[in-house]
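Inspection log for the structure reproduced underneath, given as structure tokens.
The values are calculated or read from the model by the stated rules, or taken from the named source; none is laboratory data. Computed from a prediction, not measured in an experiment: that's the story for all the values here. Here the Cβ positions follow ideal geometry from the backbone for every residue, glycine too, while neighbour counts run over all protein chains shown.
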Amino acid sequence: MALQMSTYPDDKTSPGTLRPVVQTEEVKRMIRNLDRIPVIDSHAIGILYVAPGQTSELEILANLHGSPAYTRFLHGIGQLITLKNQKDVYTGGLDSTNDQDGRYAYAWWDDIAHILYHTATLMPNRPGDSQYAYKKMHIGNDYVRIVWNDSGHHYRFDTLQTQFQFVNIVIEPHSTGTSGAFSNSQHEHEYFKVVCQRAPGMPEFGPLGEFKLISAENLPLFVRQVSLLADFFVLVYVFTSQDTNRAEYVTNWRHRLRALRRLKDSIPGVEEMPSQVDDARAQLERERDFTWMY
């Protein structure tokens, strides 16, 4: 923000040309609006466990635990966080006051993005909720779902009945050591088959192709990266396929940049930014026009 509001790094500019910001109500309101725009990209991704022989939505949503291999996968894909009074990590709409959506969740984050995993096996089965609506309220609204399939059957793309059917990343045991759903094998030759199911009409994206065989050691990292890419892709796909004008998907970063520009433009007498900052702004404009190519 300081770079946008000053002439830095133009060393030749006299300090006398800098102007203090007048604390008008308009400026205060714009700063409050800026504070509401996140500084990171946030993603919510669902995780379902399919036990042996299960094929229906209700059976799958009812699961409160999974196989040992599934549990190890969860430990690798993110960090277990406490939901109650959680302020530091994006909680993806889960209740952080009364533990209504469970006490814990898996999440992953770095300096620029947060992922919250809506994990069905960590969410409680509430009394009187025979349709598991509270679980489905979160997982059914996710654009991307990770499905650990120990059923022994093909997982149908529309198993979970929801209007948000875009991408399923399906994981199935492949090597002999993991052929039993509740095998606790941890040997070095443990492999899993990873398949990407896409909505009709959605183009292929990412590294999966028809399928990939991934070792248990690398599975959490691989699936996390693919699911993050998938969630970005679906966001762009949804926005650009809604009309013939190919509407733009705007990231949180670009929202903040626009807010900063509006703030700068609203202050009278602010000098034009130096060439170095102009170059940076031109680069952002080029990035805005970047088209996803797959």
Cβ-Cβ below 6 Å, separation at least six or inter-chain, first residue in the stretch 210-237 and of a type in the set (Val, Ile, Thr) and buried (at least 20 other Cβ atoms within 10 Å of the Cβ), second in a loop (DSSP other than H, G, I, E, B) and at pLDDT 90 or above: which pairs? Val234/Tyr143; Val234/Phe166
Filtering the stretch 70-90 down to residues that are among the hydroxyl-bearing types (Ser, Thr, Tyr) and either more than 30 Å from Glu172 (Cβ to Cβ) or not assigned by TED's automatic domain parsing to the domain that holds Ala133 (or both) yields Thr82
Tabulated pairs, the stretch 253-264, first surrounded by 15 or more Cβ atoms within 10 Å (Cβ to Cβ), second of a type outside the set (S, T, N, Q) and assigned to a helix (DSSP H, G or I), C-beta under 6 angstrom, 6+ apart or interchain: Ala259/Leu34; Leu263/Met30
Give the stretch 76-92 a look and list any residue that's in contact (Cβ under 8 Å) with a residue 40 or more places away in the chain and either farther than 15 Å from Ile47 by Cβ or out of contact with any strand residue (DSSP E or B) (no Cβ under 8 Å at 6 or more places or on another chain) (or both), or say none. Gly76, Tyr90
Selection over the stretch 102-134 where residues are among the basic types (Lys, Arg) and at pLDDT below 95 yields a count of 1
Identify, by number, the condition in (1) at pLDDT below 95; (2) in contact with a helix residue (DSSP H, G or I) (Cβ under 9 Å, 6 or more places away or on another chain); (3) in a loop (DSSP other than H, G, I, E, B); (4) not hydroxyl-bearing (Ser, Thr, Tyr) that Asp99 doesn't meet. (2)
Out of (1) outside the structural domain of Lys136 (by TED's automatic domain parsing); (2) surrounded by 16 or more Cβ atoms within 10 Å (Cβ to Cβ), what's the single condition that is false for Gln54? (1)
What is the one condition in (1) buried (at least 16 other Cβ atoms within 10 Å of the Cβ); (2) over 27 Å from Gln225 (Cβ atoms); (3) small (Gly, Ala, Ser) that Ala120 does not satisfy? (2)
3 or more residues modelled with pLDDT of 90 or more: qualifying helices (runs of 4 or more DSSP H) within the stretch 186-293: 219-240
